[in-house]
1. Among the numbered criteria (1) assigned to a loop (DSSP other than H, G, I, E, B); (2) hydrophobic (A, V, I, L, M, F, W, C); (3) farther than 23 Å from M145 by Cβ, which one does L278 miss?
2. Could you tell me which of the residues F168, F181 is surrounded by fewer than 20 Cβ atoms within 10 Å (Cβ to Cβ), modelled with pLDDT under 95 and within 16 Å of L275 (Cα to Cα)?
3. (1) out of contact with any Asp or Glu (no Cβ under 9 Å at 6 or more places or on another chain); (2) on the phi > 0 side of the Ramachandran plot; (3) of a type outside the set (D, E, K, R): which one isn't true of G254, the others all being true?
4. Residues that are over 17 Å from Y154 (Cβ atoms), in contact with a His (Cβ under 6 Å, 6 or more places away or on another chain) and either at pLDDT 95 or above or not in a loop (DSSP other than H, G, I, E, B) (or both): does the stretch 240-248 have at least one?
Amino acid sequence: MEKILNEDEKIRRAEEIYFRRNSQNPLVIDKKSQKAKNSVKDKIILHFILMINIAIIVFCVQNKDYIFSEEFLNKINEYNINISTGIVDFVGKMVNPSKEGSSTDDLIDNSSPENALGETADETSNENPEIVNPEASSSISEMDMDVENLKNAYSLINPIEGTITSRFGLRESKNKNVEGFHTGIDIATEKGTYIKSSFEGIVTLVSNKGDYGKHLKIRCNNVTMLYAHCQSILVKEGQIVGKGQEIATVGSTGNSTGPHLHFEIRVDDRFVDPLRLLKI
């Protein structure tokens, strides 16, 4: 004989049936299972990313001397495309990439990339790097293009006022130390005269080694300016300087015949005649 349930018992029975069915609902079970799988997957991905980060940190610690070297910075700078140089310059680099030099400087360095900036050459060779004629490797049209791009991208100022005693290009002299191709210009003035930065950039090199004597390099994008034979240097490597800021004083250190500033402009590994951009 079936028991007759009152209203309260019917409600409890209905609740029991409802909860029993939900606990066995395959959809509910599937959602829980999927959530657990996703949690495991997320943990695996997180651990993988963590391992990569640890590996990168270990690599950086083990190779810190190289990573923070001018050579490494120069290599990075090789792939730094300066928008101001235009599409033509970019295509030219892709078709005929610059050869990596033995420099170690200056970007971003003269070393590799800064061969684009000729670093090691500054430290170990004389004021006339082993370039019998830079235009043998870079055509006149490249020089013209570099000059035009520099004029469009920067408003340069004279680093000092003085007398031009040696111009850019081939030169002859009774002094064997100044023969060959002159990669910059020499501006003679009184010793101790303040030298100003011709443009805004970062100091990528401060050195007293080699025939340049006390010298420094300042770079902005793929353009580097070198100031050599200084008496004293007023800035440090890594420092950002503004256009017109006093960075050094005129001297006669290194392979020098008298107080003057040896001033160079480089676009990647190409030398540019400063007198095509400055009025001295």
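The values are calculated or read from the model by the stated rules, or taken from the named source; none is laboratory data. Being a predicted model, the structure only gives us computed values, none of them experimental. Cβ coordinates were reconstructed from backbone atoms using ideal geometry, including for glycine residues, and neighbour counts include every protein chain displayed.
1. (3)
2. Numbers: F168 fails: surrounded by fewer than 20 Cβ atoms within 10 Å (Cβ to Cβ).
The match here is F181.
3. (1)
4. Initial filter on the stretch 240-248 (over 17 Å from Y154 (Cβ atoms)): 246, 248.
Among the residues that remain, those that are also in contact with a His (Cβ under 6 Å, 6 or more places away or on another chain) are: none.
Within the stretch 240-248 (the criterion being over 17 Å from Y154 (Cβ atoms), in contact with a His (Cβ under 6 Å, 6 or more places away or on another chain) and either at pLDDT 95 or above or not in a loop (DSSP other than H, G, I, E, B) (or both)), the answer is no, since none of the residues qualifies.
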